[in-house]
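The values are calculated or read from the model by the stated rules, or taken from the named source; none is laboratory data. Note that the structure is predicted; figures quoted are calculated from it, not measured. Surface areas here come from the heavy atoms of the whole protein model, side chains and all, with no ligands, DNA or RNA. Shrake-Rupley method; radii C 1.70, N 1.55, O 1.52, S 1.80 Å.
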Amino acid sequence: MNTTATPEAPATTTGLEWAPSLQTGDDRMDETHEEFVTMLNQLLATPQDQQLPLYREFVEHTAAHFAQEERWMLATGFTADNCHASHHATIMETLHAVIPHYQNDDPEIINRLAEALVEWFPQHAASMDAGLALHLKDVGFDSRTETLADPDRVRPATMSGCGSVSCS
């Protein structure tokens with residue numbers, strides 16, 4: 001695993017350190033992200049032969065995490081097939097594909113995927129998720145109550161982008 005820390009994503013020998021650089025500006029989103037990072041680190045700290053139950057929990061958490069963000073996107077004007085949601089779908093496909101490989105004599109695959117997510121997540125949080133958080137603030141969306149202060153400020157399912165300046 002890469003253990004080189006960068007200002008954007010401080011890496012540790014056990015995964016990814018939760019840091020201010022990973023915060024998006026939306027408290028609820030940040031809490032969910034911190035849980036994601038904690039679970040990712042737990043996976044990497046767990047012996048390979050004991051990872052599967054924790055991995056299944058991680059997959060469930062990630063599915064709920066992505067569904068939450070996608071609800072917010074739809075409520076605030078993103079089309080269902082925007083590129084942020086497409087990235088989520090790709091990650092979920094990969095997460096689900098790991099289980100049969102693990103069960104068919106590839107006990108290292110969970111670690112390899114977790115290490116890849118350690119590399120992927122900081123950029124995703126800093127671009128797409130931070131952009132979404134800014135969009136939620138701009139339209140007056142409260143992620144705790146999942147309500148808009150003024151629903152007339154948003155035309156549902158009109159935005160097709162990522163919620164960020166760039167799609168990365």
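Hey, what's the range 1-149 come to in accessible area per residue, 1.4 Å probe, Å²?
For the range 1-149, the per-residue accessible area is 48 Å².
Apolar share of the accessible surface for the range 20-168: 52 percent from carbon plus sulfur atoms, 1.4 Å probe.
Using 0.36 nm per residue of separation minus the Cα-Cα distance, give me the extension gain between Asp49 and Asn104 in nm, one decimal. Kindly include the intermediate steps, with their values, before the conclusion.
Details: separation 55, 0.36 × 55 = 19.80 nm, distance 1.26 nm.
Extra length from Asp49 to Asn104 when fully extended: 18.5 nm.
For the range 44-101, taking the reciprocal of the average inverse distance between every pair of different Cα atoms yields a Kirkwood hydrodynamic radius of 12.7 Å. Calculate the length of the line joining the C-alpha centroid of the range 13-68 to that of the range 79-157, in whole Å. Spelled out, the Cα-based centre of one part sits 12 Å from the other. When a/c reaches 1.5 or more, the comparison of a/b and b/c decides; with that in mind, is the range 1-156 rounded, prolate or oblate per its Cα gyration tensor? Prolate shape, in that a/c is at least 1.5 and a/b is the bigger ratio.
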